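Working notes, structure below.
The values are calculated or read from the model by the stated rules, or taken from the named source; none is laboratory data. Just so it is clear, the model here is predicted, and its values are computed rather than measured. Cβ placement follows ideal geometry from the backbone for every residue including glycine, while neighbour counts extend to all protein chains displayed.
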Amino acid sequence: QISPRTITARNAAFIGSEGGRQKLLTPALLVELDTLDANIANMQERCSKLGVDLRPHAKAHKTLGIAKRQLAAGAVGICVATPGEVEVFADGGITDILLTSTFAPGTTLDRLVEAANRCRLTLVLDNVDTAAALGQAAETRGITIRVLIDLDMGRHRSGLSEAKDLSALARIVDQADWLCLVGLQAYAGHLSHRPDIAGRMAGAEEAAVRIRKALDVIEPFIHGEKPVVSGGSTGAFLQETALGLYTEFQCGSYALMDAEYDVVDPDGSAKPLFPTSLFAAVRVISSNHPGIATTDGGEKRFVAKHGTAPVIRRGGRPGATYKPTSDEHGTVTLADDEIMPVGSLLELQVPHCDPTVNLYDFIHVVRDDILLDIWPIDARGA
Ligand code: PLP
Ligand code: MN
């Protein structure tokens, strides 16, 4: 017996009250609702115009409250990155889920087959033994599971690339009565943060060559259906959609955004297509030296992939910079003799949204000065 983890939203008292956004106990994660909804609508509209399904990656937010808004806007389902996320989102009522990561046979596989009772589940495979084990488990329980074959796009995280390996796996999936081969996963993660547009376009064209070759191999095993080609990232989706090969987009970060994506020029305009909706609120808790202020937002509150620091977006002073400097403390560096008094509130753009969200229990939904709602980050830790 494991004791239940009870977490309370300590800021609940401020919901609806004037100035609630300023009163929050910090550190706290915030999402600006209007920007979030605009980003969700913007990406949906772009995909709809292209005739491509949008299946947003929910690992970016891990939050049912956000996944449900994406589905209401027209998404065909969600992607998740871990078996734990499959379970949390299926239990939360999401009915169409793609697990974009491969997995090992054994307990995890059994749990996934169990979860396929509660949603339409699509799994990604790159291994014939896992495929055979999955086919067995699905048959034993009488549960149909959709399968995408994972294509290695050159970065060797997972997937297959050789025609003989792709066809061997396709054959095993095809022969398993309860597995339904629907297409390919072709996620080119190495392109997402590539800074130069020409390089990103060239990378997307290389990706297209891989995808076309793989489609030729697996198409005979799909029996006349149009194969799903699932992939795409917030950073490279304009170049990836230009190929006309993807049928389903997996972008995730566009809804929240972060400092590391903010500097990836999408189209030569040097302006992000998706403004940041996610912020971390921190407060000054010591201020005894001009030019320096210490906050309650330290290393336990931020994750960066490329070493980026959180960016002060509100409450700072001109030229002020921010750095998490200890486990629970951050340092604001100010101009020479400037002072930020204790209690000052800062709102920071986080370096990398996905792993940062996983450090908090709740996301505080704000509009202007008002705290509208508090959403649990349901799949935190899962
Ligand atoms: N698909 C897969 C398999 C991923 O791993 C990721 C992110 O790392 C995404 C889609 C979404 O990418 P982004 O958050 O860059 O839009
Ligand atoms: Mn990411």
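Structural remarks
- Filtering LEU359, LEU334 for residues that are more than 16 Å from ligand 1 (Cβ to nearest atom), free of Cβ contacts under 8 Å to residues at least 60 places away in the same chain and more than 19 Å from the chain's Cα centre (by Cα) leaves a single hit, LEU334.
- Pair list, Cβ < 7 Å and 6+ apart or interchain, from the stretch 220-242 residues that are farther than 15 Å from MET153 by Cβ to residues that are near ligand 1 (Cβ under 8 Å from one of its atoms) and not in a helix (DSSP H, G or I): THR234/SER192; THR234/CYS251; THR234/GLY252
- Of all residues making up the stretch 334-356, the number that are within 11 Å of ARG283 (Cβ to Cβ), part of a loop (DSSP other than H, G, I, E, B) and out of contact with any Leu (no Cβ under 7 Å at 6 or more places or on another chain): 4
- Within the stretch 167-225, being closer than 30 Å to ASP262 by Cα and in a loop (DSSP other than H, G, I, E, B) holds for ALA186, TYR187, ALA188, SER192, HIS193, ARG194, PRO195, ASP196.
- Candidate set: the stretch 233-250, residues that are more than 11 Å from ligand 1 (Cβ to nearest atom) and in a loop (DSSP other than H, G, I, E, B); chosen: the one nearest to GLU205 (Cα to Cα): LEU243
- Here LYS49 clears all of (1) more than 16 Å from ligand 2 (Cβ to nearest atom); (2) closer than 25 Å to ASP296 by Cβ except the condition numbered (2).
- Taking the stretch 2-74 and the helices (runs of 4 or more DSSP H) fully enclosed by it, the elements with 3 or more residues that are out of contact with any Leu (no Cβ under 9 Å at 6 or more places or on another chain) and either exposed (fewer than 13 other Cβ atoms within 10 Å of the Cβ) or of a type in the set (Val, Ile, Thr) (or both) are at 33-50.
- Test: residue in the stretch 315-333 that is under 15 Å from PHE279 (Cβ atoms), modelled with pLDDT under 95 and in a loop (DSSP other than H, G, I, E, B): yes
- Set ARG55, ARG69: member being in contact with a helix residue (DSSP H, G or I) (Cβ under 7 Å, 6 or more places away or on another chain) and on the phi < 0 side of the Ramachandran plot: ARG69
- Of all the criteria given as (1) part of a strand (DSSP E or B); (2) buried (at least 17 other Cβ atoms within 10 Å of the Cβ); (3) more than 12 Å from ligand 1 (Cβ to nearest atom), the one not satisfied by SER230 is (3).
- Flag for ALA202 being surrounded by 19 or more Cβ atoms within 10 Å (Cβ to Cβ) and either under 30 Å from ASP265 (Cα atoms) or free of Cβ contacts under 8 Å to residues at least 60 places away in the same chain (or both): no
- VAL147 vs. criteria aliphatic (A, V, I, L, M), modelled with pLDDT of 95 or more and buried (at least 18 other Cβ atoms within 10 Å of the Cβ): yes
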